[in-house]
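Every number here is computed from the coordinates shown, using simple stated rules; none is lab data. Only a predicted model underlies this, so the values are computations on that prediction, with no experimental measurement involved. Methodologically, a virtual Cβ is constructed for each residue, glycine included, from the backbone with ideal geometry; neighbour enumeration extends over all protein chains shown.
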Amino acid sequence: ETDGGADGPAEEPADDAGRSGGDGQEQPAKRRRVAIHRSKLADLLLSCRDGPADGDGGPRYSRVTSYLSTMGPSSIDVEISSLCHGPHDLEDGLPLLLAASRWLLEACRSGTSFEAVNAYLHRFLRKHGGVVVQMGKGGDGEGDGEGEEEEA
């Protein structure tokens, strides 16, 4: 309690979180979230997702494809890997995976740079396919409805 400093009040919620275990077990106090910079790809995906589309109905994520086209294979792999670090990272990683999925869908539909986009898709699924499958099996059931009406 005598840690002092300006961080003292910020630690109080952690003490309350440690007592809130309803199953009789002592639960560890929650730690403060620390925002980390993932990658330029992550920043671009979020800015393209939140920004307006280029022109009327034009490609929203074209800056992402342009950015990756300037990089080598190992750099692209690092960028794609940084989007989500596994099932424990869904709070921050899932919105990035969704934005990346929308970018890849848009890029595939555009028909431009097909071989490069195919390589990006391959690396994305190779790295994050397990998380995507887990979300489909036991996820929260929230979807954007795209592609679900095609079978009807």
Q.
If packing is taken as the average count of other Cβ atoms within 10 Å, what order do 121-134, 87-100 fall into, highest mean first?
A. 87-100, 121-134
Q. Using the Cα atoms as the points, what is the convex hull volume per residue of the range 59-145 in Å³?
A. 99 Å³
(Q) Multiplying the sequence separation of Ala119 and Asp50 by 0.36 nm and subtracting their Cα-Cα distance, what value in nm do you get? (A) 22.3 nm
(Q) Assuming 0.36 nm per residue, please report the length gained on full extension of the stretch Ser75 to Lys137 beyond their Cα-Cα distance. (A) 19.2 nm
